[in-house]
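First the structure, in the form of structure tokens, and then the observations on it.
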Amino acid sequence: SGRGLFLVDALSDRWGVEADPAGSGKTVWTELDRTRRRAS
């Protein structure tokens, strides 16, 4: 439905997508800054 990357962007500090060199898919990675406080 297309909401997955919207949520990744909203909840992470940094993220990206890397294509599989064999061409069989992709990897989405995310980083969370533990020192940053988030509003609940």
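Given the whole protein assembly as supplied and a 1.4 Å probe, what does the accessible area of residue 29 come to in Å², nearest 10?
We get 90 Å² for residue 29.
To one decimal place, what orientation-averaged projected area in nm² is obtained for the convex hull of the Cα set of the chain?
3.9
Which whole-Hz couplings ³J(HN,Hα) result when phi for each residue of region 11-21 is put into the Karplus expression 6.51 cos²θ - 1.76 cosθ + 1.60, θ = phi - 60°, listed in order with x for Gly and Pro?
9, 10, 8, 8, 7, x, 10, 10, 6, 5, x
Sorted by accessible area (1.4 Å probe), largest first, how do 24, 12 line up? All intermediate terms of the calculation are to be shown ahead of the outcome.
Values: 24 95, 12 15 Å².
Putting 24, 12 in descending order of accessible area: 24, 12.
The values are calculated or read from the model by the stated rules, or taken from the named source; none is laboratory data. What you are looking at is a predicted structure, and each value in this text was computed from that prediction instead of being measured. For accessibility, only protein heavy atoms count, side chains too; no ligands or nucleic acids. Shrake-Rupley method; radii C 1.70, N 1.55, O 1.52, S 1.80 Å.
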